[in-house]
Amino acid sequence: MTDMAISTAADKQQTEFSARLQKRYAAERRFRAYGLGAIAIAVSILGILLGTISFQGAPAFFQTYMKIDVYFDEAIVDPAGTREERTLRTANYQTLAKRGMYELFPEVTERREKRTLSRLLSSGAYRPLSAMVLADPSIIGTTQSVWLVTSDDIDTFYKGQIDRETVEADRRVKDNEIAWVDALEADGRVDLQFNTAFFATGDSREPELAGIWGAVVGSFLTLIVTLAVSFPLGVSAAVYLEEFAPKNRWTDLIEVNINNLAAVPSIVFGLLGLAVFLSFFGMPRSAPLVGGLVLALMTLPTIIIATRAALKAVPPSIREAALGVGASDLQVVTHHVLPLAMPGILTGTIIGMAQALGETAPLLMIGMVAFIVDVPSTVTDPSTVLPVQIYIWADSPERAFVAKTSAAIMVLLGFLITMNAIAVMLRKRFERRW
């Protein structure tokens, strides 16, 4: 073979090698582009989701109020003049609110129009009047200007969610109601105020009176039960399996089942709670106690797996050094291994609690979907939780509940993000590199 032929073959190989190299580089660039595209799509969808929820939920943080001059007629509030608390609490304050509204529009005389006029206010708008009298009985016999909450239809209209240009027959707020609202607004008697009731009250059939406080307290009590049951059991089980259990087929079988339980659909735990806690033990329905026990069963595998991973991360030299100075196996675990693994254990536990906070399906099975107005005070009181409250509101036909649903989702997301941020902070703060 001549030198020219050898040179030609080498040039050909070099050309083919360069072509393959360029092809690999092009494939890598396409792979990176696909990855960036997937991330961009995911971020965009997440942004659209959060933007939609925020846009729909923002109006719920504000509520429309009307300023009414209310005369606290002693003949209605306390006819006997005894000033007894029971009498003051049960007086007909709704009549006082209606009278205040009628006096603003003296031209309204027909019974049907009066009924329509009184419906500008919420059916529960009179409740602050009772609190005012109980706080200061001396206002009986005087006239006070009071901001009272409007009905959900007027609230929705005032926030611009009902178009006044729509044909009257197709909208819930009629022309005469719009004229009264305009007159009150021109007189400075209509205003949007921060909706403190949303954070301070329980559920209600009236959207303008519904709040999340009962569900927040119910979620808190449920998580307390979940943590009290799942944390000691999960950590103890993980420590035994990782540090003391003999390595045999029974231990392997238990480990496999724990790993499989972490992937079981949550509603299965609800069915288990329904059969065991409610049907067999007769525990109260809709109670945080039962909800917490069910969620503890669901969270146990997560805590066990996280705890075992944290224990495995502790170097064997720590155990060997402790054993070398005469410590027992229990002392090695409790005095050295467990404290060093605690940041990882707490991180896994918080993530498990966050997962439990967002669960709905298992709680529906044990009756926590009931309509409950009162705020629970103990773990045996009837209660609901935030995810179930969102589910109930999302299924309600009133338009104002749409904003309430989105606002409750924002609150729930805030709790979940906070819990995950605490988990990340704990991991960063106490993480040790061996």
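Data for the structure
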read-out	value
Single unsatisfied condition, Met283 versus (1) over 30 Å from Phe371 (Cα atoms); (2) outside any helix (DSSP H, G or I)	(1)
Test: residue in the stretch 422-432 that is more than 30 Å from Phe281 (Cβ to Cβ), surrounded by fewer than 18 Cβ atoms within 10 Å (Cβ to Cβ) and aromatic (Phe, Trp, Tyr)	yes
Per-region count, the stretch 97-113, residues more than 24 Å from Pro207 (Cβ to Cβ) and not in a loop (DSSP other than H, G, I, E, B)	7
Total residues in the stretch 349-381, condition farther than 14 Å from Leu416 by Cα and not in a loop (DSSP other than H, G, I, E, B)	5
Pairs, first among the small types (Gly, Ala, Ser) in the stretch 185-198, second part of a strand (DSSP E or B), C-beta under 9 Å, six or more apart	Gly188/Lys67; Ala197/Gln63; Ala197/Val149
Subset of the stretch 342-368 (residues that are open to solvent by 20 Å² or more (accessible area, probe 1.4 Å) and in contact (Cβ under 8 Å) with a residue 60 or more places away in the chain)	Met342, Pro343, Gly344, Leu346, Ile350, Ile351, Glu359, Ala361, Leu364, Met365
Residue count, the stretch 167-181 (criterion: over 18 Å from Ser118 (Cβ atoms) and open to solvent by less than 50 Å² (accessible area, probe 1.4 Å))	1
Selected residue (only one of Tyr71, Tyr25 is modelled with pLDDT under 95, more than 44 Å from the chain's Cα centre (by Cα) and open to solvent by 90 Å² or more (accessible area, probe 1.4 Å))	Tyr25
Top-ranked residue in the stretch 229-239 [being open to solvent by less than 70 Å² (accessible area, probe 1.4 Å) and among the small types (Gly, Ala, Ser); ranked as nearest to the chain's Cα centre (by Cα)]	Ser230
Qualifying residue in the stretch 289-306 (condition: under 27 Å from Lys428 (Cα atoms), at pLDDT 90 or above, open to solvent by 60 Å² or more (accessible area, probe 1.4 Å) and in a helix (DSSP H, G or I))	yes
Residues that are surrounded by 21 or more Cβ atoms within 10 Å (Cβ to Cβ) and polar (S, T, N, Q), drawn from the stretch 369-404	Ser383, Thr384, Gln389
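Listed here are the residues, each with its yes/no results for (1) free of Cβ contacts under 8 Å to residues at least 24 places away in the same chain; (2) within 23 Å of the chain's Cα centre (by Cα); (3) open to solvent by 70 Å² or more (accessible area, probe 1.4 Å).
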| position | (1), (2), (3) |
| --- | --- |
| Gly202 | no, yes, no |
| Ala215 | no, yes, no |
| Ile224 | no, yes, yes |
| Leu241 | no, no, no |
| Asn260 | yes, no, yes |
| Phe269 | no, yes, no |
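The values are calculated or read from the model by the stated rules, or taken from the named source; none is laboratory data. These figures come from a predicted structure and were not determined experimentally. Please note: Cβ atoms are built from the backbone with ideal geometry, for glycine as well, and neighbour counts cover all protein chains shown. Note: accessible area is taken over every heavy atom of the protein model, side chains too, but ligands, DNA and RNA are not part of it. Shrake-Rupley method; radii C 1.70, N 1.55, O 1.52, S 1.80 Å.
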